[in-house]
């Protein structure tokens, strides 16, 4: 892109040794607060959401310092409640968001455990020990939060370059690219960092050969990881997803191969299944795309409402392509209901536009225009310029005689 400078890429932080210490501290803190599994889920979430969780926990630590001066019983109650709330926040940004699951039992057990542990610590610890511990935790959290926010700014800059270079982007694919960038920047892998820098240079300069070379480098790394005895399937799958995110718009065949590999290695990866569904729909394999989208809701009790809404909307697009407007409308209405419940204006706007398309296909111009105008308002409100231009073009073409 002319006049656009590539965001500077560097490994997170300053000296490698200092980064390693901070990373170890953050990992240790997450494990202490959430256990091994909980810490893993928190680390898997997007950086902005992780920063929110860490910021919340920092406030918790500050509050506990105040409550500690009132005695052991009140401290135990406040500690148990505050830590339980922190755990609930962490779980909401994980894959179990807004769904009933056995994790609720684990959270309740954790509340009781935290209360007992806090009471025992308050009763047995020397004066000032708890305050010192909480101060240390708060300081660690502040440092980790600042580092995450700095990293998030880099991810934002790289994602904006990608969006500017791909005018036909869709939100899910931008999210997949952002996830790939986050993973690459935090990987500590020199090969991945070089590939990301080369790909970003290619986007900035409009040099497709650099983009292609970056994808090739990641493909070779993914193949090496797949063959290595010591590398887990998750590592190789993550690299294949990064290949898919880079190749998604300009090389359908390579993106398809990458996401096929990703779901083969990690069959429960919903992002990979969703992107695979988009690619299969692009090449006209509607049956394959439908199967991929249905994997998002294969286990409704373990699928967030957000993923259910995404899956239903995609299934609606397939039904509409097949000419089954009744089924398409049902899918989109169900998706819209979930998006409204979640308060996701982006999803609401998209589903209203889809319902407008169905009304138009049925010859109901007035109904189409009503849906388009609702979508226009939401797209304008959340600043989705490309989608806003498209919907306004439809309104100008179809709704000039329709009262607003």
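Per the listing 175, 156, the residue uniquely surrounded by 14 or more Cβ atoms within 10 Å (Cβ to Cβ), out of contact with any helix residue (DSSP H, G or I) (no Cβ under 8 Å at 6 or more places or on another chain), at pLDDT 60 or above and in a helix (DSSP H, G or I) is 156. Would you be able to say whether some residue in the range 355-369 is in contact with a helix residue (DSSP H, G or I) (Cβ under 9 Å, 6 or more places away or on another chain) and closer than 25 Å to residue 164 by Cβ? Within the range 355-369, not a single residue is in contact with a helix residue (DSSP H, G or I) (Cβ under 9 Å, 6 or more places away or on another chain) and closer than 25 Å to residue 164 by Cβ. All of (1) more than 20 Å from residue 175 (Cα to Cα); (2) buried (at least 23 other Cβ atoms within 10 Å of the Cβ) hold for residue 292 with one exception: (1).
Kindly check whether there is at least one residue in the range 307-315 that is over 20 Å from the mean Cα position of the chain (by Cα), surrounded by fewer than 21 Cβ atoms within 10 Å (Cβ to Cβ), on the phi < 0 side of the Ramachandran plot and modelled with pLDDT under 95.
Scanning the range 307-315 turns up no residue that is over 20 Å from the mean Cα position of the chain (by Cα), surrounded by fewer than 21 Cβ atoms within 10 Å (Cβ to Cβ), on the phi < 0 side of the Ramachandran plot and modelled with pLDDT under 95.
Residues that are farther than 25 Å from residue 272 by Cα: find the helices (runs of 4 or more DSSP H) completely inside the range 285-404 holding 3 or more of those. Even if it seems obvious, please write down each step before you answer.
On the way: elements: 286-294, 305-321, 325-342, 345-361, 365-382, 385-398.
So the answer is 325-342, 345-361, 365-382, 385-398.
Evaluate the range 127-147: report whether one residue or more is surrounded by 15 or more Cβ atoms within 10 Å (Cβ to Cβ), at pLDDT 65 or above and in a helix (DSSP H, G or I). Yes: the range 127-147 contains one or more residues that are surrounded by 15 or more Cβ atoms within 10 Å (Cβ to Cβ), at pLDDT 65 or above and in a helix (DSSP H, G or I).
Mind listing whichever residues of the range 343-373 are in contact (Cβ under 8 Å) with a residue 40 or more places away in the chain and surrounded by fewer than 20 Cβ atoms within 10 Å (Cβ to Cβ)? Those that are in contact (Cβ under 8 Å) with a residue 40 or more places away in the chain and surrounded by fewer than 20 Cβ atoms within 10 Å (Cβ to Cβ): 346, 361.
The values are calculated or read from the model by the stated rules, or taken from the named source; none is laboratory data. Everything numeric in this text was worked out from a predicted model, so none of it was measured. All Cβ positions, even for glycine, are placed from backbone atoms using ideal geometry, and neighbour counts span all protein chains on display.
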